[in-house]
Amino acid sequence: TPVAGIALTEQDVPELFRLIKKIRRKLKIRSPLQQVLLTAQFQANLVCQPIYGPFGPQRYALQIGLPLLQGLSTKQLAAVLAHELGHMVHGHRLSANWIFFLRQAWEQIHRSLQSGHPWAKQWLAVFVARYEPYFSAYTRALARQQEFLADQASVRVAGKEDAADALVSLQLKA
């Protein structure tokens, strides 16, 4: 499925792409970032899509909300983007990529069930109701570790104070 958002190019927002390149260099990220997308949400989100399935290479898209761009300073934005791109740093580990992909897949299934698609409700509701709690419980520790590593990437790029300031600002403005 296509990732939501308006595709941005380096010609559209050169400053943003310079910031992303700087963060990628600092974090030594080799995996390509296929798209940078503008959304209406007050958040940034790295979307990981499998190319050939959960065990193969991944395609990455970075969603950035316009309210986020307007509401944060450059240093705060760098901290937030470093956190999101930090997921790519450790993405070369198969288990990390696999869990990241599967958690996103479960979220999509859950949204599909809530959005009212009759076929999804009929066929998946029983399966999701039965196995989702187990899946969430077993992967929670790995997901928390991924978030902690992404937070460390944010601190490496922006510094402790700016990373903390970005977290506080995100919470207050959200």
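The values are calculated or read from the model by the stated rules, or taken from the named source; none is laboratory data. These numbers were taken from a predicted model, which means no experiment stands behind them. Cβ: placed from backbone, ideal geometry, glycine included. Neighbour counts: every protein chain shown. Accessible surface areas use protein heavy atoms only, side chains included; no ligands, DNA or RNA. Shrake-Rupley method; radii C 1.70, N 1.55, O 1.52, S 1.80 Å.
Below is a table of values for the structure above.
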quantity: Solvent-accessible heavy-atom area per residue, rounded to whole Å², over the range 1-48 at 1.4 Å; calculated: 66
quantity: Positive-end residue, the range 1-73 charge dipole about Cα centroid, Cβ charges, pick of Gln11, Ile51, Leu38; calculated: Ile51
quantity: Amide H contacts under 5 Å for Leu38, placed H, 5+ residues apart; calculated: Ile6, Ala7, Leu8, Ile64
quantity: Taking all pairs of distinct alpha-carbon atoms in the range 1-49, Kirkwood radius in angstrom; calculated: 12.0
quantity: The range 4-15 - phi-based ³J(HN,Hα) in whole Hz, Karplus 6.51/-1.76/1.60, Gly and Pro as x; calculated: 6, x, 8, 5, 9, 10, 5, 5, 5, 9, x, 5
quantity: For the range 11-82, fraction of C-alpha pairs farther apart than 19 Å, in %; calculated: 35
quantity: For the range 157-173, Karplus couplings with θ = phi - 60° (6.51, -1.76, 1.60), whole Hz, Gly/Pro x; calculated: 7, 9, x, 4, 5, 5, 5, 5, 4, 5, 4, 5, 4, 4, 5, 5, 7
quantity: Partner lysines for Lys160 [C-alpha distance under 25 Å; skip if fewer than 8 residues away on the same chain]; calculated: Lys21, Lys22, Lys26, Lys28, Lys75, Lys173
quantity: Contact order normalised by residue count of the range 1-58, Cα under 8 Å, 6+ apart, percent; calculated: 39
